[in-house]
1. Can you tell me which residues in segment 167-188 are within 16 Å of the ligand (Cβ to nearest atom), part of a loop (DSSP other than H, G, I, E, B) and open to solvent by 50 Å² or more (accessible area, probe 1.4 Å)?
2. Taking segment 205-224 only, how many residues are open to solvent by 100 Å² or more (accessible area, probe 1.4 Å) and in a loop (DSSP other than H, G, I, E, B)?
3. Which of the strands (runs of 3 or more DSSP E) contained wholly in segment 79-156 include at least 3 residues that are at pLDDT 90 or above and either more than 11 Å from the ligand (Cβ to nearest atom) or surrounded by fewer than 19 Cβ atoms within 10 Å (Cβ to Cβ) (or both)?
4. Just give me the residues in segment 28-70 being within 16 Å of the ligand (Cβ to nearest atom) and open to solvent by 90 Å² or more (accessible area, probe 1.4 Å), in sequence order.
5. Find all pairs meeting these conditions: Cβ atoms under 6 angstrom apart; at least six residues apart or on different chains; first residue within segment 84-111 and within 29 Å of residue 184 (Cβ to Cβ); second residue among the hydroxyl-bearing types (Ser, Thr, Tyr).
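The values are calculated or read from the model by the stated rules, or taken from the named source; none is laboratory data. Source: prediction; values computed, not measured. Here the Cβ positions follow ideal geometry from the backbone for every residue, glycine too, while neighbour counts run over all protein chains shown. SASA here: full protein model, heavy atoms, side chains in, ligands and nucleic acids out. Shrake-Rupley method; radii C 1.70, N 1.55, O 1.52, S 1.80 Å.
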Amino acid sequence: MSEYPTIPLTTYREYPVDEMRQRVTDFYADMGRRRTVREFSDRAVPRDIIETALEAAGTAPSGANLQPWHFVVVGAADTKKKIREAAEAEEQEFYEHRASPEWLAALEPLGTDSSKPFLETAPYLIAVFLQKYGRLDDGRKVKHYYPTESTGLATGILITALHQAGLATLTHTPSPMKFLNEILGRPVSERPFLLLVVGYPADDAQVPDIERKDLDAFTTFIEDQT
Ligand SMILES: Cc1cc2nc3c(=O)[nH]c(=O)nc-3n(C[C@H](O)[C@H](O)[C@H](O)COP(=O)(O)O)c2cc1C
């Protein structure tokens, strides 16, 4: 086996089984309250909360530990306006021409359309970029392994951290999102992954009345008989 530097695992914590049960139950109950919000308040959110949530996202596991993600946090009104205008142009094309009838039918229960006022109302937009490859200081390319899976995991942790902090999010994917590279000045090595809208919900925010699948419908256990 090759030699590589190690440190003792001091961060792991074991809990008594009853406490494990309580912790996971509490976590599930809390995550069960998360909803995608599409009506935001313009109330300001302290920037340090966003920073800490991003630090949490940066703890995600990643293929070969290459951490192939980049987050652009947009709080500036003029940049939010540019993003809204570009997103609405793409979305109008999508709803009127590009979306298949099946796709439009799947979106119908959500009541979404090409109008995206939340892109200006919400205090923060976080554009998540996936780094297809990295660059060494001398300019050479570094291959990234599983960048999609890795960036998805980091984004999941980010959404979870923001929810835990008491903020609402909207996972937004205007299609296509290439305009984000231009507006936000990101290199061609990065692919826009999604745009997270972050803030407090509007006082009168409504959400679609939709169901989550039961555990049995999305899980299979294979175990030895006891
Ligand atoms: C990858 C992904 C892309 C999404 N894109 C959009 C979007 O562009 N616009 C939108 O309004 N919601 C979007 N959503 C939100 C979903 O519609 C929402 O998560 C789903 O309806 C379940 O609702 P919930 O998050 O409240 O549980 C997206 C979610 C994911 C995970």
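1. Of everything in segment 167-188, those that are within 16 Å of the ligand (Cβ to nearest atom), part of a loop (DSSP other than H, G, I, E, B) and open to solvent by 50 Å² or more (accessible area, probe 1.4 Å) turn out to be 173, 176, 178.
2. Selection size over segment 205-224: 11.
3. Details: elements: 124-131, 133-135, 141-143.
In segment 79-156, 124-131, 141-143 are the strands (runs of 3 or more DSSP E) which contain 3 or more residues that are at pLDDT 90 or above and either more than 11 Å from the ligand (Cβ to nearest atom) or surrounded by fewer than 19 Cβ atoms within 10 Å (Cβ to Cβ) (or both).
4. Once the filter is applied, which keeps residues that are within 16 Å of the ligand (Cβ to nearest atom) and open to solvent by 90 Å² or more (accessible area, probe 1.4 Å), segment 28-70 yields 28, 33.
5. Qualifying pairs under 6 Å: 88/114; 91/114; 92/114; 94/175; 95/114.
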